[in-house]
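Structure first, commentary second.
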Amino acid sequence: MNMIVTLVTAGITFGTVLMYGTLGEILTEKSGNLNLGVEGIMYMGGAFGLAGAFYYEKAAGAAASGPIAIILALLAAFAAGAAASAIYSFLTITLRTNQNVTGLALSIFGTGVGQFVGEFMRLSEGGYVALSNNLKNAFSAAVMPSFLQGIPIIGPIAFSHTIFFYMAVVLAVLMHLYFSRTRSGLYLRAVGESPATSDAAGINTTKYKYLATIIGGGISAIGGMVYIVTTAGCVWNHEGLSGVGWLAVALVIFCIWRPLNAIWGSIVFGAMMIMYLRVSIPFIPQQLYKILPYVVTVIVLIFTSMRNSRDKQPPASLGLNYFREER
Amino acid sequence: MKRALTLLVVLGLVCSFAFAAGGAESASSAADSNTIKVGLICIGDENDQGYTYNFIRGRDEATEILAKEGINIEWLTIYNIGEDSSCIDANIEAAEEGCEIIINNSYGFEPFMLEVVDDYPEIEFISCTNCASVFDGRDNTHNAFANIFEGRYIAGVVAGMKLQQMVDEGTIKPEEAVIGYVGAFPFAEVVSGYTSYFLGARSVCPSVTMKVMYVSSWSDATAESDAALALIDQGCVLISQHSDNTTPATAAQSRGVFHTGYNNDMTGIAPEASLIGTRIDWGIYFSEAIRAYANGEEIPQDWCAGMADGAVVMTPLNEAIAAPGTAEKVAEVEAALADGSLQVFDTSTFTVGGEELTHAFALDTDGDFTPDSEEAVYDGAFHESVFQSAPYFTVRIDGITELN
Amino acid sequence: MKNDIRTPFVRLAKRNDIDPKKAWIIRVSSIIIALILGFIPILITGSNPFEAYSVIVQGSLLRPTYFRQTVKIAIPLLACALAIAPCFKMRFWNIGAEGQITIGAMCASYFALYWVGKVPHVVLLLIMFLAALAGGAVWGLIPAFFKAKWNTNETLFTLMMNYIAIGIVAWLQGGPWEGRQGSQLIPQFKDAARLPDVFGVHIGWIFSLILVVLMYFYMNKTKQGYEVAVIGDSVNTARYAGMNVGYIIMRTMAISGAISGFVGFMIVSGANYTLYSGVADGVGFTSISVAWLSQLNPFAMIVISMLLAVLDKGSTTLQSRMSIPASISDIITGILLFAMLSCEFFINYRLIFRGRAEGKEDGK
């Protein structure tokens, strides 16, 4: 029992990172855009988020306050991700480039920008770039009251986490409500399912695609920032984020494009990625545990396509561009 | 159409101008004979505040030492190279850019470095922490390491005193004195490191035991943090590490357990957790090797030095949280190590499968990855880093559990 | 006036037949514009962009060793782009080349490690070659099978297969194939398992160039190539024409996977001399851009892959000489890709600005 509690608790730490990446990508994909640049977007979010907090602290000195640093890091990461996605949106929506290729280009570009910013900060500071313990504690502090954290089993699982986890959960719920309860959410899903029909119905498909992709990119980027300021110890790590974005793309499938599934799905993925340190399954080498998330994703993908049930599919127009004059 | 063509021509001109501007090679090779160009190929960068950071400090220290002697060094530092073919490319790059000595800072670089050395016989290649130069029959390959196990032993003593203090004060029961050790790989350098650390701790805290968890990477901030947390979850009350980052220290601090560091003083990162650290002072070796080269002497083929030579140093003790009397004890152990009255791997202090260790080979001469020559156990101790600089202690002793 | 309000500022018109010369002018301009945009990050570091570009050229082309290094980078990009071309022609979005390379490399490595010394040099290389082809083909067939049978989304499936392949090699590296215990390194291959060099670069460059010609013929002159093109245009047309679409998808993916596997063989046996989990090193992804930017034209791929290789290699020298982080190559590559992707829009469409007479834009 204790082992499961610690596994879940630890899974949430990494799962939080994934949850942002995934929620952002779900929003993007709901509009019919398959943005494969999440890897690059998260790199940029990590680098710019860290830069935001770092330069704020440099300017404010010892007076730097934790909450302001958190807000600035969030804003910087979001802006970086939104900017990257804006490039993607402009290319795929307005200039009608191939989504797969553009996404891959963005992942190359974003990884480059993230590493460049991280390296450049180090070079211009002439040494390592790290936040003070004060801010580090602010980022990794458990925000729930201590009596809640003290409850056995439920305490550590539900109440021992950073602010970022609870924000992600709230975001997931809000996104779920948006898709299922609001008119605008319904329109967005319609755009993703069939842009031609929505266009004919008078929905501004271009606007929906742009907004969903840009905001989605911003949310994904926050995941990169959360990774740097929580699990990576507030220092830039050259290869640290590699693969995280692709894992988030996998998680979108695992969640079958539903925000609420992302909450538990990300914890499952997070736990699978660190399981090799904590659990041993007979006959399966521990190094192979790390491919479990991808294996289960493939299985989900196969089963959803075999069952072919309408509500478990990717948005119908996913990956396809919409050309009004060709409809 | 015409406009497009004009634009194209202009752009083309701009570009050709750009390339012409730098037509002359701007690679600087050492102009005056007193300047030596040295390449340093690193697995990470200063941001790890650990392994590579420690090398950079060594680099700067050596520059300073040699500048006083009139030897100037121009460094070409290449960061964030993987233990893969990018290391081949980095070595070629450093060689082509005019480096006379090329230092590879990670163990796994050596096989890739060896792919390049024959193409540049006039350049000296150094692989830190590895061991191929003995048998490869080449003149321009070298190895270097320091007796870091001495430093780890002392760090272990500091940890052990803290644990014993906790036992004496009743904070933990004697059997709860468990050390968690974040290791990179189940590999001689790591095994040697944690064993010496454990023996140091047990010399002052008899009830101590240790759990080791491997993260399968020299430098993976997340995995190191996860491993430290997993160890703490399994009841470890003190964390130490053989990995490149500071995240184990951060993890220890966040869970309120103690920590000792490697490569760097981590008390700044975890003031309430980190007791002490130990590191290799690479400046000693770098200055020695480069001085030898500058004077036209041979760079030692396999260099190894210890605490007595200043090649292994302890970082400042965190007096605020260390057990009382630690500083005195550390000084006493240092002196005993220096005069040889204390052997780290004294075979009377540990058992293997319940029995005393009487035999272990040091060197692998035939390349099958199992040691087959040079008896390391004699005079009542296992003699580490005597036959080669790279550690070869791979014995698993009682009291230490490997979790994965 | 009234008409003006109803007409948007810019309108689009599809152009059907653009002068090929003009199309290439647009393409080349886009490359130049991208390179100029690349000034921005260089200026941020406080360096002179002209000097930086000249260092990139010096560090990639102007010295024999650097030129060989550049070619070494270009070989797998080129060969892998060739592998991807038929899939993309078919509108089968295979982004799993990374995994197919890894599996091909793994299969070749098995024989390199355990059969070396048992069979003659050339025979060993041949076995490694065939093993790599088979491994890559199987890895490509798996998603193709599910695509053919249940229309499973191939983009996501092939993407997942990459990480499964990488994970398997990571396990071999630290497990059964590990050299010195605990080192997580597979031993370097013996000489008998290495590809010979021709003019200082492994012989793979000759094979890749031959492959360019073969792929050109396959795609343009054979029945199979024609089938691929028809499916790419319209699956329904292909069905009406009586083609077995599922079979063709699987066949094409098997060919593509096999070529990717061959790339893996060239990398382990010609460049790295050992296997590790990052053996594909992004080639599978970057080569997609190479293929797409070349309009799936095998000969254009030679140019594009060299261009990206020049940036890649040159930027490491840039880092050595001017302390500009080498990741700048990814940034410039990214900008280059964006620009070249965008320029197709200007080739395919004509912008008509409000108030301008139609036809004027054509420059007639």
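Filter region A:90-100 down to the residues that are at the interface with chain C (Cβ under 7 Å from one of its Cβ atoms) and crowded, with 24+ Cβ neighbours inside 10 Å, then identify the one that is farthest from A:Asn204 (Cα to Cα). It comes out as A:Thr97.
Limited to region A:267-324, what total is found for residues that are among the charged types (D, E, K, R), more than 29 Å from C:Ser277 (Cβ to Cβ) and modelled with pLDDT of 85 or more?
Count: 0.
Residues in region B:93-106: is at least one over 22 Å from C:Arg321 (Cβ atoms), touching a Phe, Trp or Tyr at 6+ places or on another chain (Cβ under 9 Å) and either without any contact (Cβ under 8 Å) to a residue 40 or more places away in the chain or among the aromatic types (Phe, Trp, Tyr) (or both)? No, that holds for no residue. Given the structure, is A:Gly110 at pLDDT below 95, assigned to a helix (DSSP H, G or I) and small (Gly, Ala, Ser)? Criteria not met by A:Gly110.
For region C:292-323, a residue qualifies if it is within 9 Å of another protein chain (Cβ to nearest Cβ) and touching a Pro at 6+ places or on another chain (Cβ under 9 Å), and exactly one does: C:Gln319. If you take the residues in region B:144-193 that are among the polar types (S, T, N, Q) and more than 14 Å from chain C (Cβ to nearest Cβ), which one is nearest to the chain's Cα centre (by Cα)? The qualifying residue nearest to the chain's Cα centre (by Cα) is B:Asn147. Just a yes or no: is a residue in region A:229-244 more than 14 Å from chain B (Cβ to nearest Cβ) and in a helix (DSSP H, G or I)? No, that holds for no residue.
Condition (residue is within 22 Å of A:Tyr294 (Cβ to Cβ), among the β-branched types (Val, Ile, Thr), more than 11 Å from every other protein chain (Cβ to nearest Cβ) and over 13 Å from the mean Cα position of the chain (by Cα)) applied to region A:256-264: is it met by at least one residue?
yes
The set of residues in region C:198-238 that are of a type in the set (D, E, K, R) and at pLDDT below 90 contains only C:Asp233. The requirement of being buried (at least 17 other Cβ atoms within 10 Å of the Cβ) and out of contact with any Ser or Thr (no Cβ under 7 Å at 6 or more places or on another chain) is not satisfied by C:Ala165.
Please go through region A:132-167 and give me each residue that is touching an Asp or Glu at 6+ places or on another chain (Cβ under 9 Å) and assigned to a helix (DSSP H, G or I), ordered by number. A:Asn134, A:Leu135, listed by residue number. Entry remark, region C:167-190: residues being more than 8 Å from every other protein chain (Cβ to nearest Cβ) and either in a loop (DSSP other than H, G, I, E, B) or over 20 Å from B:Asn404 (Cβ atoms) (or both) number 6 in total. Restricting C:Leu82, C:Leu124 to those that are at pLDDT 95 or above, buried (at least 24 other Cβ atoms within 10 Å of the Cβ) and not polar (S, T, N, Q) reduces the list to C:Leu82. Scanning region B:268-292 for residues that are among the β-branched types (Val, Ile, Thr) and either away from chain A (no Cβ under 11 Å) or within 16 Å of B:Gly306 (Cα to Cα) (or both) yields B:Ile276, B:Thr278, B:Ile280, B:Ile284, B:Ile290. Taking the listed residues A:Gly21, A:Gly32, A:Gly45, A:Gly52, the one that is away from every other protein chain (no Cβ under 13 Å) and either outside any helix (DSSP H, G or I) or over 26 Å from B:Asn47 (Cα atoms) (or both) is A:Gly32, with no other qualifying. Scanning region B:211-251 for residues that are assigned to a loop (DSSP other than H, G, I, E, B), touching a Lys or Arg at 6+ places or on another chain (Cβ under 7 Å) and crowded, with 24+ Cβ neighbours inside 10 Å yields one hit, B:Cys236. Taking first residues from region A:173-198 that are not in a helix (DSSP H, G or I) and partners that are not polar (S, T, N, Q), the Cβ contacts under 7 Å between residues at least 6 apart in sequence or on separate chains come to A:Ser194/A:Ala316. Checking each residue in region A:279-317 for being among the hydrophobic types (A, V, I, L, M, F, W, C), more than 8 Å from every other protein chain (Cβ to nearest Cβ) and either part of a helix (DSSP H, G or I) or under 23 Å from the mean Cα position of the chain (by Cα) (or both) picks out A:Leu292, A:Val296, A:Ile299, A:Val300, A:Phe303, A:Ala316. Every residue in region B:195-210 that is surrounded by 24 or more Cβ atoms within 10 Å (Cβ to Cβ) and under 20 Å from A:Arg278 (Cβ atoms), please. Listed by number, the list holds a single entry, B:Met210.
Scanning region A:1-10 for residues being part of a helix (DSSP H, G or I) and more than 10 Å from every other protein chain (Cβ to nearest Cβ) gives a total of 2.
Just one of the numbered conditions (1) at pLDDT 95 or above; (2) within 12 Å of chain A (Cβ to nearest Cβ) is not true of C:Leu337: (1). Just one residue in the set C:Tyr66, C:Tyr114 is free of Cβ contacts under 8 Å to residues at least 60 places away in the same chain and over 18 Å from the mean Cα position of the chain (by Cα); that residue is C:Tyr114. The set of residues in region A:291-317 being surrounded by 21 or more Cβ atoms within 10 Å (Cβ to Cβ) and not polar (S, T, N, Q) consists of A:Pro293, A:Tyr294, A:Val298, A:Leu301, A:Pro314, A:Pro315. Filtered by the rule that a residue be more than 7 Å from chain C (Cβ to nearest Cβ), surrounded by fewer than 24 Cβ atoms within 10 Å (Cβ to Cβ) and out of contact with any Asp or Glu (no Cβ under 8 Å at 6 or more places or on another chain), region A:118-128 gives A:Met121, A:Ser124, A:Glu125, A:Gly126. Against the list (1) outside any loop (DSSP other than H, G, I, E, B); (2) more than 18 Å from B:Arg152 (Cβ to Cβ); (3) in contact (Cβ under 8 Å) with a residue 40 or more places away in the chain, the condition B:Val313 fails is (2).
Within region C:30-61, the residues that satisfy the criterion of being farther than 23 Å from C:Ile304 by Cβ and either more than 10 Å from chain B (Cβ to nearest Cβ) or of a type in the set (S, T, N, Q) (or both) are C:Leu43, C:Ile44, C:Thr45, C:Gly46, C:Ser47, C:Asn48.
Could you list all residues from region A:91-106 that are among the aliphatic types (A, V, I, L, M) and assigned to a helix (DSSP H, G or I)? Hits for region A:91-106 are A:Leu91, A:Ile93, A:Val101, A:Leu104, A:Ala105, A:Leu106.
Just to verify a result, which residue in region B:363-387, among those that are modelled with pLDDT of 85 or more and touching a strand residue (DSSP E or B) at 6+ places or on another chain (Cβ under 7 Å), is nearest to B:Phe135 (Cα to Cα)?
Per the criteria, the residue is B:Phe387.
Regarding A:Thr111, is this residue over 25 Å from A:Phe54 (Cα atoms) and within 14 Å of chain C (Cβ to nearest Cβ)? Considered against the rule, which asks whether it is over 25 Å from A:Phe54 (Cα atoms) and within 14 Å of chain C (Cβ to nearest Cβ), A:Thr111 comes out as no.
The values are calculated or read from the model by the stated rules, or taken from the named source; none is laboratory data. Please read these numbers as outputs of a predicted model, since none were measured by experiment. FYI the Cβ positions are ideal-geometry reconstructions off the backbone, even for glycines, and counts take in every protein chain you see.
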